[in-house]
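K.L.:
Submitted below is the structure of interest, expressed as structure tokens.
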Amino acid sequence: MTKLCFAIPTWNRAQKLAQCVENIGRQIAEDGVDAAIYISDNASDDDTPNVIASLKKKYPFISSVRQDENVGTLANVAHVLGHADGDYIWMMGDDDLVLPGGVKLIEGQLDDDEFAVVHAGMGWFKPHSGNIYESTVVGFANKMGFNQFIGWISSDIIRQDIARKMVSIPEWAEYQNNAFPHVCALLHVAAYEKAKVIDAPVANPMEAQTEEDIKRWADENVGWKYVLTVDGLKSLQDNGIIKEKYKPSLFKYLQFYLWDRFVVNMIAQELSGSPWPDKGWENILAMADMIDDLDMSKRIRTTCQQAMATIEQLRAAKAQVARTQQSLANLANLVNQPVMSVAAFVGDGK
């Protein structure tokens, strides 16, 4: 077993997969890193099988499996977490790259097994201090925000026993309903274990969000699944796995808090004519109860209630417009009735 094994789930991204694996394979080979690569092809119908076969000939430390049918994105993620064979498992998106020297840098941070997870910094998040920090998994999630810390899978290097536990707990099936099942599962099995953050540019997406990404997100309803992530984080508190309230910063998403983003999303969906379920409002209010900042909790509730009231006014106005339109349509039908003929009016003359 190697010290490090990359776990790459893939589907119908042959060209990007080739770039991703070549990028990692070249670093392993040239830098003499004790690492391997494990790929799970989710029954791709493009050139993915040929790409993998070619890469395996070039790099003997690559192993792979092809699913008999498309098992879904999250099941494929669970498969690689459960089968990649290294002391540490580095989750890697098939459209992401490790920056030059990044594989060697991470290998050097895995000399012992005391850390449940090591965070590899994303190059796009600036500035970087270049320092290495230690805390607990939940400690970093509270400080950095769960999304920045462990939300992007290509930042996650997880100790093998922790990775195996994540996908074997009964709650894994429940967590798969949201956009970040790996976050909830990692907090579930290792919240208070030690973690390490490498605050340096280590990995990056190949490119900014593409039309393909946007389509995949829409097809998989990822926007709504972000909202459902609150359910998973709440259940961790309700079940006593997380023993204290979260810091507000756990819910930071880039420059925003998730509750503000969700309010905007709920309004936008309403205006588009495809409103999200009212559970969205319930989850926004739930976040107010999950954090330890009373002033912030009050602000969340106030903003949410104002937005809900405004939407109710909008719905009432739309209903009134619809009733008015129907009344006008009824009046138009009445006015357009044929005028009674003279003969009908005076009779037939008999």
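K.L.:
Can you tell me which of 231, 219 is at pLDDT below 95, of a type in the set (D, E, K, R) and within 30 Å of residue 277 (Cα to Cα)? Steps first, please.
P.N.:
Values: 231 fails: at pLDDT below 95.
The match here is 219.
K.L.:
Residues that are surrounded by 12 or more Cβ atoms within 10 Å (Cβ to Cβ), at pLDDT 95 or above and assigned by TED's automatic domain parsing to the domain that holds residue 228: which helices (runs of 4 or more DSSP H) entirely in region 272-350 hold 2 or more of them?
P.N.:
On the way: elements: 279-290, 294-335, 342-346.
The qualifying helices (runs of 4 or more DSSP H) are 279-290, 294-335.
K.L.:
Where residues in region 23-59 are acidic (Asp, Glu) and within 18 Å of residue 84 (Cα to Cα), which of them is surrounded by the fewest Cβ atoms within 10 Å (Cβ to Cβ)?
P.N.:
The extreme case among them is 34.
K.L.:
Hey, another quick one. Go over the candidates 147, 177, 131, 221 one by one and state the one that is over 29 Å from residue 241 (Cβ atoms) and of a type outside the set (A, V, I, L, M).
P.N.:
Numbers: 147 fails: over 29 Å from residue 241 (Cβ atoms); 177 fails: over 29 Å from residue 241 (Cβ atoms); 221 fails: over 29 Å from residue 241 (Cβ atoms).
Just a single option satisfies the conditions, and that option is 131.
K.L.:
Separate question: May I ask you to say which residue of 163, 179, 185 is assigned to a loop (DSSP other than H, G, I, E, B), surrounded by 16 or more Cβ atoms within 10 Å (Cβ to Cβ), in the same structural domain as residue 96 (by TED's automatic domain parsing) and in contact with a helix residue (DSSP H, G or I) (Cβ under 7 Å, 6 or more places away or on another chain)?
P.N.:
One residue alone meets the criteria, 179.
K.L.:
Also: Quick one: would you say residue 242 is of a type in the set (Val, Ile, Thr), farther than 23 Å from residue 174 by Cβ, buried (at least 17 other Cβ atoms within 10 Å of the Cβ) and modelled with pLDDT of 95 or more?
P.N.:
Details: of a type in the set (Val, Ile, Thr): yes; farther than 23 Å from residue 174 by Cβ: no; buried (at least 17 other Cβ atoms within 10 Å of the Cβ): yes; modelled with pLDDT of 95 or more: yes.
Judged against the criteria, residue 242 is not a match.
K.L.:
For region 146-180, give me each residue that is free of Cβ contacts under 8 Å to residues at least 24 places away in the same chain and either within 21 Å of residue 221 (Cα to Cα) or among the aliphatic types (A, V, I, L, M) (or both).
P.N.:
Passing the criteria: 169, 173.
K.L.:
Follow-up. Going by the structure shown, is residue 156 of a type outside the set (Gly, Ala, Ser), touching a strand residue (DSSP E or B) at 6+ places or on another chain (Cβ under 9 Å) and crowded, with 20+ Cβ neighbours inside 10 Å?
P.N.:
Taking the combined requirement at face value, the residue satisfies it.
K.L.:
What's the number of the condition residue 125 fails, among (1) free of Cβ contacts under 8 Å to residues at least 24 places away in the same chain; (2) exposed (fewer than 15 other Cβ atoms within 10 Å of the Cβ)?
P.N.:
That leaves (2) as the condition not met.
K.L.:
A follow-up question, please. If I ask for residues that are surrounded by fewer than 18 Cβ atoms within 10 Å (Cβ to Cβ), among the β-branched types (Val, Ile, Thr) and assigned to a strand (DSSP E or B), which ones from region 60-92 would you list?
P.N.:
Scanning region 60-92 gives a single hit, 65.
K.L.:
Using the structure shown, decide if residue 111 is at pLDDT 95 or above and either more than 26 Å from residue 259 (Cβ to Cβ) or assigned to a helix (DSSP H, G or I) (or both).
P.N.:
Working: at pLDDT 95 or above: no; either more than 26 Å from residue 259 (Cβ to Cβ) or assigned to a helix (DSSP H, G or I) (or both): yes.
No.
The values are calculated or read from the model by the stated rules, or taken from the named source; none is laboratory data. No experiment lies behind these values; they were computed from the predicted model shown. Neighbour counts are summed over all protein chains in view; Cβ atoms, including those assigned to glycine, are modelled from backbone coordinates with ideal geometry.
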